[in-house]
Amino acid sequence: MTDVQNTPGAIFYFDLGSPFAYLAAERLEQILPASAIWQPVSLGALFKATGRSSWALGGPLARESGMAEVERRARSYGLPPIRWPDPWPSNYLFAMRAATYAFQLGRGRELTLAAFRSAFRDGRDLGLPEQVVRVAAEVGLDERAIADATRDPSVKLALRTATEAAYERGVFGVPTVAVGDELFWGDDRLPDAAAACARTSG
């Protein structure tokens, strides 16, 4: 497994359950260098490690405010209207293991973007394994192989190890872009991450 923590350039940490990570993923390739690495991590495990929780699980006011902000940002970025899965949030461990395996095959970005769009453009619940497998099939991946990979100890270990490395680096939420020793948390920090990339490459 590649040690992305010691890889030069930008690293994009994401979880498929995060709508803000979706907003970042849709714009990443237009803002950051093409060499940026996409790294799936388990947001639930990060929350557990940091003692935090999702704003979506807070009170109704915080949840409604957060959802409204996601919808506002999607409009401002020229993205399709947000359609929220029901329920949301859900359990995305199966989806994140599938994404981890897809990256091992060199097809991770395709699966990730398709899965994000399925969730937040089409309103499908990625907590359902059949929805994840369907997305995998849509991007040309083998359905049985994806399902089997989510039970593979090596895939489970890869996701867990990546999440632990991200936490040790200081990542506490997603989306986060790491550039050298700098961390940029939030989809609205992509321009700052791009500026940091320019400084380090210059």
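So that you can scan it fast, the table gives a plain yes or no per residue for (1) of a type in the set (D, E, K, R); (2) in contact (Cβ under 8 Å) with a residue 40 or more places away in the chain; (3) under 30 Å from ASP192 (Cβ atoms):
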residue: PRO129; (1), (2), (3): no, no, no
residue: ASP148; (1), (2), (3): yes, no, no
residue: VAL155; (1), (2), (3): no, yes, no
residue: ALA165; (1), (2), (3): no, yes, yes
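Across the stretch 110-125, not a single residue is classified as touching a strand residue (DSSP E or B) at 6+ places or on another chain (Cβ under 6 Å), over 18 Å from ALA45 (Cβ atoms) and not basic (Lys, Arg). Kindly indicate the residue of the stretch 42-65 that is surrounded by fewer than 14 Cβ atoms within 10 Å (Cβ to Cβ) and more than 20 Å from THR163 (Cα to Cα) and also nearest to the chain's Cα centre (by Cα) among those meeting that condition. Step by step, filter the stretch 42-65, then rank; the result is LEU57. If you go through the stretch 99-124 and keep only what is farther than 21 Å from ARG73 by Cα and either over 12 Å from the mean Cα position of the chain (by Cα) or not aliphatic (A, V, I, L, M) (or both), you end up with THR100, TYR101, ALA102, PHE103, GLN104, LEU105, GLY106, ARG107, GLY108, ARG109, GLU110.
Checked against the criterion of being more than 18 Å from the chain's Cα centre (by Cα), more than 13 Å from PRO40 (Cα to Cα) and without any contact (Cβ under 8 Å) to a residue 12 or more places away in the chain, the stretch 172-183 has at least one qualifying residue. Filtering the stretch 31-41 to residues that are at pLDDT below 95, more than 16 Å from the chain's Cα centre (by Cα) and surrounded by 13 or more Cβ atoms within 10 Å (Cβ to Cβ) leaves only PRO33. Filtered by the rule that a residue be loosely packed, with under 13 Cβ neighbours inside 10 Å and assigned to a helix (DSSP H, G or I), the stretch 66-101 gives ALA68, ARG72, ARG75, SER76.
The values are calculated or read from the model by the stated rules, or taken from the named source; none is laboratory data. Note that this is a predicted model, so its numbers are computed, not measured. With ideal geometry, Cβ positions are generated from the backbone for all residues, glycine too; neighbour counts draw on all protein chains shown.
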